Every structure is written in structure tokens, then in C-alpha cells.
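Colleague: Handing you this structure, nothing more for now.
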Amino acid sequence: MEKFELNNIEKSDINKDFILDRLNLCLLDSDDSGFLRIKSNREEDTSNNEDRENIKKHEKHPINNPEELSRYFENIDVVRPDRISRPKGDTTFFTTAGVQRIETLIRENGTIEKGSFMIAQPVIRSQFMDKIKDGVSSSFINFSVEHIGATRDDFIDLANKFIVLVEDRGVSREDIRFTLEDVPDKWGDRSFTKTVLTVFVNDVELGECIYMQDYPVTEGEKVAIADIGFGIERLNWGIGSSEYYLPEFAEFYSASEDKNKITNIVDCVRSMTLISGDGVTPSNKDHGYRMRQFSKRFVARKSGIDVDAKKLVHVAYEFWSKWGAPMALSEDEVFEVISAENDRNYNSMFLSLLEKYGGPKTYIDINQSTDDFLKQVNISLPSETKGLIKRIIEETK
């Protein structure tokens, strides 16, 4: 990236009519949904896509690794993902999007430089942990391309590349939909308005193309940024490349008729693997508290369901590693951290259920393995509670 003076960037005004014209979009004729569509006379953009002629139309092609994305964005620097844990003073506890790399650059350098970069960033959005279903997860790969010092033509170029990418996944042009709006936003103490073109396959949202015309870098310094971003898992699921939202865990899905229930269980392990792999240990505050929340939900959600936690961690660790997540711990170390926290939360849940079902209140230490905990339970509690203990174990293990 080259150095440049932020205050000397030429303004490049953008508006809805310009975007509709350049992307050849119009309102759908069939309903009043407000969706935009591509006009049938749109010319194909085949730049930077030497392999497109080998793609069989309408066969679904999932994105399986970062390399499959780089050919759409030639001459753009690929940067390594940020750590999941954000340092004190940043706007969030965890990295939540690839565009947050800009916050890292400003924090480390005091400013940003003109240029472009792409990043396949593992992210955590813990606010989603109780909203999990097929298509929604608390952790995923957010692929982003950022153009700093962008013109409106740069924005159009990025949007066109995103459209071509979606078509190359096997999506019919007639099934691609859009919405377009100006949205106020705030990153910490930075407030600005962004123009957002959201891309859908039918009614499933895939990602966004964004133009931030006056992003405030420092007081008195603003720059235009063009950005595209989408979740890899969401895009692959939205185009219909697999019947499962998280296909790496297909063997766990196939053992249950309720896909959303399995997604809820798997999501906890994926997020815990990513967080603990970053070196976070469970605690009652900040990053560690989020880790503890995921563990509590895993223990509750898997009650009565036979899942192999070690295998779940293995699949999750391999997935994050493939996408370049900067892991500070080995897979075995990650499993050790997760297993200990899961045991702690299972033991706590057991005591709560024991009291709820009319058993005696007891103060057995929950900070031990569940095997040792249950041995102590059987030794400590009176013989008349044996049936209740067995009932709770059958319900929860």
C-alpha cells in the first residue's frame, strides 16, 4: 500500500441512480418485495476468471478454501487473519468481520494507507449464540475485500466481481436479488453513513457491498472505503451446495432428524475451539466469560444426545486451521481446555437439577472432572437419592 494524504483524496459522490445504472439493476416486476434484479441485457464480466468456461452452469460449487477466492481479485494483497481476541480499547471483544482489519491498522499505525487487501477472517459474533439455526452461526469465516481511498468506480468493480463469484457458484442470474440503502453506522467513536448493496439468492442474504464515502480515520481526516464481505458458510448454504449448513459435521447431522438442534450443538464447539485456540481461558469476565457462556449452552443443548465432543473439536480445529486461523494452542490443548470447562458446567447443571427435583442441597466442588464429581456425588449423598441421581444422569449424559 502506498502512503497518501487523506485530506487530498478526490471526492467521488455516489447515489442510488448511479449504482442502478452501472450495475444494470431494476425493481422486480413480479411482486412488491422491494428487491432489485439484474436486467436481462447485462453484459457478462469475465475478467480475472480463466476457469469460468469450465464451470458447469447451475451445478452448485461451494467455496472450500481461500485460494478459490483469490482469482476473482487479482493484484490485491492477501493479508493474514487477525487474532480472534481484540485488545483492550478496541470496539469489540472479538473480531467480528474482515473489515475490522482497518481498525487494527489504525491502532497499530495511527492511520491507514491507500490500497486494497483481501482477508479470510475467522470471526466470533457472540450476540448470535441464542439465535442459532441453519444459516446463522456465532462463528464463521468472513471473507472481505477492502479498497481504501476508493472511487465510486472501484465500488462498482468490487460489486461486479461479487456478482460474478455468486454466478460461478452455479446460481442463475434470475435468482440473484439486491437491496440498496444508505445506513448510518458507528465504530467506537467513529460515526459515518454507508451505502449498502445487499446481495441475496432469492430471499437468502449472502453478503454486502458497501461504500463508506467519508470514513473518519482521525479527527479532520476522512477517506472513502469500498468493501465487500460475506460469510463463507452462509454463502455455501444459501446457494444450496449442501443440505447441511455446516457440512464438515455431516456425520453428526445424519444421526438426527432435527438439523437445527445439531447446528446449535456444533456451533458451540466451533466457537469454543476458535476462542480457546486463541489462548483464551474460561473466566467470569470479558473474553473468558464468552467462552464460559458457549460451554454452558453446549452442555445444556447436548443433554440426552450422544455426541463425541473430542471428534467435534477435531473437525472444528481442522476447519479453522484450513482457513488460516492463527491458533496459539494445539488441538489436544484446545480439547483439554474445552473438556475441563464442559465438565465444570455439567457438574454445576447436575447440582441445579438435583435441587430442582427435590434432592438435598449439596456443595460438592464442581471444578473437577465429571467422572470424579459423580463418584463424589454417589459417596456423599444418602442412599435414597440413588434413583434420582440415575434419572439425572440418564437425562443429561
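Colleague: Identify all residues within the stretch 100-122 that are assigned to a strand (DSSP E or B) and crowded, with 23+ Cβ neighbours inside 10 Å; write none if there are none.
Modeller: Correct list: I119, A120, Q121, P122.
Colleague: Could I ask something else about it? Quick check on the stretch 173-181. Is at least one of its residues part of a loop (DSSP other than H, G, I, E, B), of a type in the set (S, T, N, Q) and touching a Ser or Thr at 6+ places or on another chain (Cβ under 6 Å)?
Modeller: no
Colleague: Same structure, new question: Can you tell me which residue is modelled with the lowest pLDDT among those in the stretch 220-257 that are over 18 Å from D185 (Cβ atoms), among the acidic types (D, E) and open to solvent by 50 Å² or more (accessible area, probe 1.4 Å)?
Modeller: Among them, the one singled out is E257.
Colleague: Testing S276 on (1) more than 29 Å from N202 (Cα to Cα); (2) touching a residue at least 40 places away in the same chain (Cβ under 8 Å); (3) surrounded by fewer than 19 Cβ atoms within 10 Å (Cβ to Cβ); (4) not hydrophobic (A, V, I, L, M, F, W, C), one condition comes back false. Which one is that?
Modeller: Evaluating S276 over (1) more than 29 Å from N202 (Cα to Cα); (2) touching a residue at least 40 places away in the same chain (Cβ under 8 Å); (3) surrounded by fewer than 19 Cβ atoms within 10 Å (Cβ to Cβ); (4) not hydrophobic (A, V, I, L, M, F, W, C) leaves (3) as the failure.
Colleague: On to the next question. Which pairs have Cβ atoms under 8 Å, sit 6 or more apart or on different chains, and link a residue in the stretch 11-34 that is open to solvent by less than 40 Å² (accessible area, probe 1.4 Å) to one that is among the hydroxyl-bearing types (S, T, Y) and at pLDDT 85 or above?
Modeller: S12/T151; I14/T195; I14/Y211; I19/T195
Colleague: I want to confirm something. Restricting to the stretch 123-137 and keeping residues that are within 10 Å of the chain's Cα centre (by Cα) and part of a strand (DSSP E or B), which single residue is surrounded by the most Cβ atoms within 10 Å (Cβ to Cβ)?
Modeller: Looking at residues that are within 10 Å of the chain's Cα centre (by Cα) and part of a strand (DSSP E or B), I get I124.
Colleague: Another question, if that's okay. Find all pairs meeting these conditions: Cβ atoms under 6 angstrom apart; at least six residues apart or on different chains; first residue within the stretch 324-342 and surrounded by 20 or more Cβ atoms within 10 Å (Cβ to Cβ); second residue part of a loop (DSSP other than H, G, I, E, B).
Modeller: E341/P282
Colleague: Within the stretch 282-308, take every residue that is among the hydrophobic types (A, V, I, L, M, F, W, C) and modelled with pLDDT of 95 or more and give me the one that is surrounded by the fewest Cβ atoms within 10 Å (Cβ to Cβ).
Modeller: Result: A300.
Colleague: Pick from I389, I366: which is outside any helix (DSSP H, G or I), open to solvent by less than 50 Å² (accessible area, probe 1.4 Å) and farther than 21 Å from S271 by Cα?
Modeller: I366
Colleague: Could you list, in sequence order, the residues of the stretch 344-359 that are more than 19 Å from F298 (Cα to Cα), among the small types (G, A, S) and open to solvent by less than 50 Å² (accessible area, probe 1.4 Å)?
Modeller: Passing the criteria: only G359.
Colleague: Related question: Is it the case that R101 is among the charged types (D, E, K, R) and either closer than 20 Å to I76 by Cβ or without any contact (Cβ under 8 Å) to a residue 24 or more places away in the chain (or both)?
Modeller: yes
The values are calculated or read from the model by the stated rules, or taken from the named source; none is laboratory data. Since we're looking at a predicted model, the values are computed, not measured. Cβ coordinates were reconstructed from backbone atoms using ideal geometry, including for glycine residues, and neighbour counts include every protein chain displayed. Only protein heavy atoms, including side chains, enter the accessible area calculation; ligands, DNA and RNA are left aside. Shrake-Rupley method; radii C 1.70, N 1.55, O 1.52, S 1.80 Å.
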